[in-house]
Amino acid sequence: MTVLDHRHQAAAVPGWLPGATAPRTDPAPLLPDDSPFRVLGTPALEKADPALLRELYRRLVVGRRYNQQATTLTKQGRLAVYPATTGQEACEVAAAMALHEQDWLFPSYRDTLAVVARGVDPLEALTLLRGNAHTGYDPRATRTAPLSTPLATQAPHAVGLAHAARLAGDPVVALAMLGDGGTSEGDFHEALNFAAVLNAPVVFLVQNNGYAISVPLDRQSAAPTLAHKAVGYGMPGRLVDGNDAPAVHAVLTEAFERARSGGGPTLVEALTYRIEAHTNADDATRYRQDDEVAAWREHDPILLMERHLRPLGVLDDTLVQDAADEAEALAARMRAEFHEDPQLDPMSLFAHVYAEPTPQLREQAAQLAAELAAEAEVHH
């Protein structure tokens, strides 16, 4: 068949006429707003639920202390590595709070605070980063997938689970959390494409903190915003101030309900900033300036809440002190629990790898069992 034959065939299909420019759907409703959505400092704040605002604040304060304590644990050798979300707590906390109990969370390695805010014990949430096991919690029981260290590989998994739930008639929404660096991976694009084509009830939350380790965003993407990428896949893109906790909560709640009601996926870009280094092994001073960090400290999510909630009477000294006390209690518990050396079973390495162990795994397991038995015999 020649090119002309193809054109003749296409001409019979509506919307495929040579030179036709009309899109299959109007892209305008899919485009993000020109500026990030905000609640703090806007008239929308007066309509917000005071109880929700106080709970967001409480969790932000506890989350900040969690980040600080986990960072300290790396310096003490209790954690092998820790990617802090200091400065990004609004995204982490709001995401966990907006999810329903039956929903699923698919976190990246940086999202341990979201996992803890979801209800997972900090010791279990940090098991992978401690180097003790593949994961420390039961994904089925917690509706939380294991932390994903490879960038964006959890995104297709979220789509698959959401699609399966939809086919089964379960009112489940999956949330895939990524960083801006994750949007440069093929898994991210494949996930968005499948999600839109399948109309899967999944939401993608991109925490754009400015850097993929040391690579700034302008070296990753030339798009107006990362939220603009959504229109290319046929889903809405939303842009939100990632340090405005009630704004993130509102945008995600709307996206979840849209997905739950059959409206399909949404891509949300939250503009935020990573105050700490990429991990404890990174020297952020080599690729960013102190004045940049200082400017973002003025836009700190906790300071923003205090600045806007106190004049409304939503926040007072008692609530601030109660949140601080709860945060210190969590930090003390983390120090005590991480001080205890874990009791590990080396044979657990072979569990939950395949439903049916491969011959290679069985051979390796037998070899390790023999070595452990020989070592026990020597010490006996």
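With respect to residue 253, is the statement that it is part of a loop (DSSP other than H, G, I, E, B) and either closer than 21 Å to residue 61 by Cα or hydroxyl-bearing (Ser, Thr, Tyr) (or both) true? Write out each step before concluding.
Values: part of a loop (DSSP other than H, G, I, E, B): no; either closer than 21 Å to residue 61 by Cα or hydroxyl-bearing (Ser, Thr, Tyr) (or both): yes.
Considered against the rule, which asks whether it is part of a loop (DSSP other than H, G, I, E, B) and either closer than 21 Å to residue 61 by Cα or hydroxyl-bearing (Ser, Thr, Tyr) (or both), residue 253 comes out as no.
Say whether the condition of being part of a helix (DSSP H, G or I), touching a residue at least 12 places away in the same chain (Cβ under 8 Å) and more than 21 Å from residue 107 (Cα to Cα) is met by at least one residue in segment 198-205. Walk me through how you get there before you give the answer.
Initially, segment 198-205 is screened for residues part of a helix (DSSP H, G or I), giving 198.
Adding the requirement that they be touching a residue at least 12 places away in the same chain (Cβ under 8 Å) leaves 198.
Pick out the ones that are also more than 21 Å from residue 107 (Cα to Cα) and you get 198.
Yes, segment 198-205 has at least one match.
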* To do: Considering (1) closer than 30 Å to residue 156 by Cα; (2) part of a helix (DSSP H, G or I), say which one residue 378 fails and leave the rest.
  => (1)
* Among all residue pairs at least 6 apart or on different chains, which show Cβ distances below 7 Å where the first residue, located in segment 37-55, is assigned by TED's automatic domain parsing to the domain that holds residue 272 and in a loop (DSSP other than H, G, I, E, B) and the second is loosely packed, with under 12 Cβ neighbours inside 10 Å and of a type in the set (A, V, I, L, M, F, W, C)? -> none
* Working carefully through the options 311, 357, find the one that is outside the structural domain of residue 90 (by TED's automatic domain parsing) and in a loop (DSSP other than H, G, I, E, B). => 357
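Taking residue 306, is it outside any loop (DSSP other than H, G, I, E, B) and either surrounded by 11 or more Cβ atoms within 10 Å (Cβ to Cβ) or free of Cβ contacts under 8 Å to residues at least 12 places away in the same chain (or both)?
Values: outside any loop (DSSP other than H, G, I, E, B): yes; either surrounded by 11 or more Cβ atoms within 10 Å (Cβ to Cβ) or free of Cβ contacts under 8 Å to residues at least 12 places away in the same chain (or both): yes.
Here the answer is yes, as residue 306 does meet what is asked.
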* Asked: Listed residues 293, 268; which is of a type in the set (Val, Ile, Thr), closer than 18 Å to residue 88 by Cα and in a helix (DSSP H, G or I)?
  -> 293
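Filter segment 88-115 down to the residues that are closer than 20 Å to residue 244 by Cα and in a loop (DSSP other than H, G, I, E, B) and list them by number. Lay out the reasoning, then the answer.
So the first thing to find is which residues in segment 88-115 are closer than 20 Å to residue 244 by Cα, and the list is 88-99, 110-115.
Selection gives 88, 99, 110, 111.
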* Structure fact -> With criteria (1) without any contact (Cβ under 8 Å) to a residue 12 or more places away in the chain; (2) part of a loop (DSSP other than H, G, I, E, B), residue 371 comes up short on (2)
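Restricting to segment 206-241, give me the number of residues that are within 30 Å of residue 164 (Cα to Cα), in contact with an Asp or Glu (Cβ under 8 Å, 6 or more places away or on another chain) and either aliphatic (A, V, I, L, M) or part of a loop (DSSP other than H, G, I, E, B) (or both). Write out each step before concluding.
To start, the set of residues in segment 206-241 that are within 30 Å of residue 164 (Cα to Cα) comprises 206-208, 226-240.
Narrowing the set further to residues that are in contact with an Asp or Glu (Cβ under 8 Å, 6 or more places away or on another chain) leaves 206-208, 226-227, 237-240.
Those left that are additionally either aliphatic (A, V, I, L, M) or part of a loop (DSSP other than H, G, I, E, B) (or both): 206, 226-227, 239-240.
Count: 5.
Just to be sure, is residue 257 surrounded by fewer than 19 Cβ atoms within 10 Å (Cβ to Cβ), assigned by TED's automatic domain parsing to the domain that holds residue 181, free of Cβ contacts under 8 Å to residues at least 24 places away in the same chain and of a type in the set (D, E, K, R)? Walk me through it before giving the result.
On the way: surrounded by fewer than 19 Cβ atoms within 10 Å (Cβ to Cβ): yes; assigned by TED's automatic domain parsing to the domain that holds residue 181: yes; free of Cβ contacts under 8 Å to residues at least 24 places away in the same chain: yes; of a type in the set (D, E, K, R): yes.
Spelling it out, residue 257 is indeed surrounded by fewer than 19 Cβ atoms within 10 Å (Cβ to Cβ), assigned by TED's automatic domain parsing to the domain that holds residue 181, free of Cβ contacts under 8 Å to residues at least 24 places away in the same chain and of a type in the set (D, E, K, R).
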* Exclusive hit being out of contact with any helix residue (DSSP H, G or I) (no Cβ under 8 Å at 6 or more places or on another chain) and closer than 30 Å to residue 235 by Cα, set 267, 344, 271 -> 271
* To do: Provide a single number: the residues in segment 322-380 that are of a type in the set (Gly, Ala, Ser) and closer than 27 Å to residue 146 by Cβ.
  => 9
* Asked: Does residue 102 satisfy being in the same structural domain as residue 144 (by TED's automatic domain parsing), at pLDDT below 95 and more than 23 Å from residue 325 (Cβ to Cβ)?
  -> no
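A quick yes/no check of all residues on (1) without any contact (Cβ under 8 Å) to a residue 12 or more places away in the chain; (2) in contact with a strand residue (DSSP E or B) (Cβ under 7 Å, 6 or more places away or on another chain); (3) buried (at least 19 other Cβ atoms within 10 Å of the Cβ):
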residue	(1), (2), (3)
88	no, yes, yes
91	no, yes, yes
98	no, no, yes
106	no, yes, yes
140	yes, no, no
145	no, yes, yes
148	no, yes, yes
164	yes, no, no
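The values are calculated or read from the model by the stated rules, or taken from the named source; none is laboratory data. Source: prediction; values computed, not measured. Reconstructed Cβ throughout: ideal geometry from the backbone, glycine too, with neighbour counts over all protein chains shown.
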